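What follows is a short report on a single structure.
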Amino acid sequence: MDDLKTQSLDPVTFEVLKNSFITSVDQMAERMLRTCYSFVIYNRDFSNGLHDAEGNSVAQGNQDIAVHVGTLHYTCKDVLRYFEGEMLPGDVYAINDPYAGGTHFSDVRLVRPIFDDDALIGFSQSNGHWSDLGGTVPGSFDVMSREMFGEAVRITPVRLFHGGRFCRDVADLIANNTRDPASIIGDIHSQAQATQVAERDVLRLVRKYGRDQVTQGMAEVQDYVERAMRQRIAALPDGTWETVDYIDRDLSQGEGMIPIRIKMTIKGDEILFDFEGSHPTIASMYNSAPGATFSAVVAGTKTFFPDLPLNSGFYRAISVKAPPGSIVAAEWPTAVTGFLMPFEKIMNAIFEMWSQIMPERAIACAFNLEYLLCGGRDLRKPEKPMFMFYEWLPGGWGGRNGKDGSDTTTACFGTGLMSQPNEGNERVNPTRTERFDILRDSAGPGKWRGGAGVQKTSTLLQSDSAVMSYICDRERAVVWGVEGGLPSIPHGLTLTPAETGEDVWLGSVFSNYTVKTGDVFARPTAGGGGFGDPLERDPERVLVDVIDDYVSIRRAALDYGVVIREVDADLCAFEVDEAATEAARAEIRANRVAWARSEPAEVAARYQAGEIDAMDVLRRYAVILDWNTGELLPKTTAQFRESFEKRTVAHWPEAAAA
């Protein structure tokens, strides 16, 4: 920290430039929202950045999504490396290469060098998620891909504008290898214009303050953030913290969850995140390349330092060690489009470790982002026959120390994402929403409950040759509670074909599944994990949750030990039976440790017999089943129970006393 340069700009100029850089990036976002063609980008699956002449991040926007934040500097540097000495004013380059520090192929970045006369002074960069980039399935998310060749078009650095001239041949080559070339061309121009917004603003600052002061400002805002970050770290105790979270499975292997192990070490004013012991890459696209893993580390850590601006200065205090070839350091040509699954496990694991260091900001596990993709022929629109339905849902964040988790919020993967409007989806895709509401009992119980998830049911309308893919997780590595809190619910999609009318459980991960007009598809999102012992939750809070229909009367008794009587449901009149509540809590307290350690095979048999439901299986008995057949998953259960013992049982007073 002592080696950092001292600030040379006067404080007023420094603040003006610092905030001007951020505002420039926010203005890029406004341009994209008003000019994009893709419904996905319109719902804010994009981010922007401003960089110095070396490609280091200077500023990012206030609503940019977490997954992109730690990767934009990598792709900017790769473009600079590739075209160094050949760049011209008016050039714009494209790149989507996850092996060069990006996320996945769908996140396409356009990078514009900014020149003052002949001097390169920086770059502006726009990242947008294109809804299709080719590959074997609509939406370019083939879960079964083992290598990138079936996933999407890989774009290594390439010019799309040369000296201000649009390279139509190159753009057409890329766009015509997708299922929606017209939208791709439109989004290229939208992102290129966004980069021009930042270029114009930076040159305006140059005219006002001079080139040297602006470039000095770019350096000093990074040094400022580095100083602040290192000071915060230095004030914390040195030490090492470890945890593990899981991907549900390797689809090519038998049951058993896939561990992601993280050790965080604070020493002086630096932090090291070590992923030694994490599982090797798996035989699906649920792998993360190093750039995305670094971004997950940054996003998880930044959550606990919300007031600091984000740029490369923040990154300088953080080091990541990830074994090459592991699920968190995948190498070409391993499939990585589903990187967001390990990404969110990393974020939640980091939340858990930081919660031990900063208990005032402690938080339990958040729900896992899910993507539902369906593509085919839209028979409603002969002028645009191909459709690409691409949807994500909000869910619940973990309970917090002293506060319930956030209800129906977009995923920690990217809180800047919008919850997609049903009307917009119905306009651009042959679907109809049948129901979309908060899911009762989805919140993980705790002294401070998790946020609630949602459930959505839709029908596929006039279509042909349609196939569906579902990109999700935590069907088995279910969202967990901490400090004695309980888990949420498993993810998974149910399809009801029009031909049979019978429900088919497809689970949380499948690709290229044929669907037809009239088929109905439904899925929930989990709530957040509970924080603290649910038997310590104020019964009046449980009563309010029952009145609001966040918690059922039945689960209020089973999970919280709060017995509630219905007085008049039509008037939302309910009351707590205090004597029955005291007895129920005493019974749970006397038995719950034994329940959590009961014989898993007996639990599975009781579930199959209809004596208990899935929430009982998870929250009382800590057992994981195949939710379609009811079959016990012994390896997965052993792993889940290890987590449950550490995060939940160990914090119950009776377990500690024993």
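The values are calculated or read from the model by the stated rules, or taken from the named source; none is laboratory data. Worth saying up front: this structure is predicted, and the values here are computed from it rather than measured. Don't worry about glycine lacking a Cβ; one is built from the backbone with ideal geometry, like all the others, and counts go over all protein chains shown. The protein model used for the area step is the full one, side chains on, heavy atoms only, and it has no ligands, DNA or RNA in it. Shrake-Rupley method; radii C 1.70, N 1.55, O 1.52, S 1.80 Å.
Below are the figures for this structure:
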| read-out | value |
| --- | --- |
| ³J(HN,Hα), Karplus 6.51/-1.76/1.60, whole Hz, each residue of segment 473-481, x for Gly, Pro | 7, 6, 6, 10, 7, 4, 3, 9, x |
| Å² of accessible area per residue within segment 533-658, as computed with a 1.4 Å probe and no ligands counted | 48 Å² |
| Cα-based convex hull, segment 542-609, per residue volume (Å³, whole number) | 105 Å³ |
| Of 403/447; 447/635; 381/516; 321/635, pairs whose Cα-Cα distance is over 19 Å | 447/635; 321/635 |
| Rg(Cα) / (2.2 N^0.38 Å) computed for segment 444-537, rounded to two decimals | 1.34 |
| Dimensions in Å of segment 360-442 - Rg and Dmax from alpha carbons | 16.5, 57 |
| Translational D in µm²/s for segment 252-372 (Stokes-Einstein at 4 °C, 1.567 mPa s, Kirkwood Rh from C-alpha pairs) | 86 µm²/s |
| Compactness of segment 507-574 as Cα Rg over 2.2 N^0.38 Å, two decimals | 1.63 |
| Hydrodynamic radius (Kirkwood) for segment 92-154, which is based on Cα pairs only, to one decimal in Å | 13.0 Å |
| Isotropically averaged projected area of segment 324-381, using the convex hull of Cα atoms (one quarter of hull area), nm² | 7.2 nm² |
| Distance histogram for segment 467-519 (every C-alpha pair counted, 5 angstrom bins, percent rounded to whole numbers) | 5, 17, 21, 19, 13, 10, 7, 5, 2, 1 |
| Of the trypsin sites (Lys or Arg not before Pro) in segment 478-558, those whose Cβ has at most 15 other Cβ within 10 Å and which sit in DSSP loop | 516 |
| Note, ³J(HN,Hα) from phi for segment 90-101, Karplus 6.51, -1.76, 1.60, rounded to Hz, x at Gly and Pro | x, 5, 9, 10, 10, 7, 9, 7, x, 7, 9, x |
| Ratio Rg/Rh, restricted to segment 394-437 and using Cα atoms, in which Rh is the Kirkwood radius | 1.12 |
| Convex hull (Cα only) mean projected area of segment 600-658, reported in nm² to one decimal | 4.2 nm² |
| Cα-derived Rg over Rh, computed across segment 235-298 with Rh taken as Kirkwood radius | 1.06 |
| Tensor-based shape of segment 1-158 (alpha-carbon gyration tensor, a/c under 1.5 rounded, otherwise prolate or oblate) | prolate |
| Tail weight of P(r) past 20 Å, computed on alpha-carbon pairs of segment 394-488, percent | 47 percent |
| Hull-based mean projected area of the chain, where the convex hull spans the alpha carbons, in square nanometres | 30.0 nm² |
| Cβ crowding within 10 Å averaged over residues, with 311-322, 379-390, 496-507 ranked highest first | 311-322, 379-390, 496-507 |
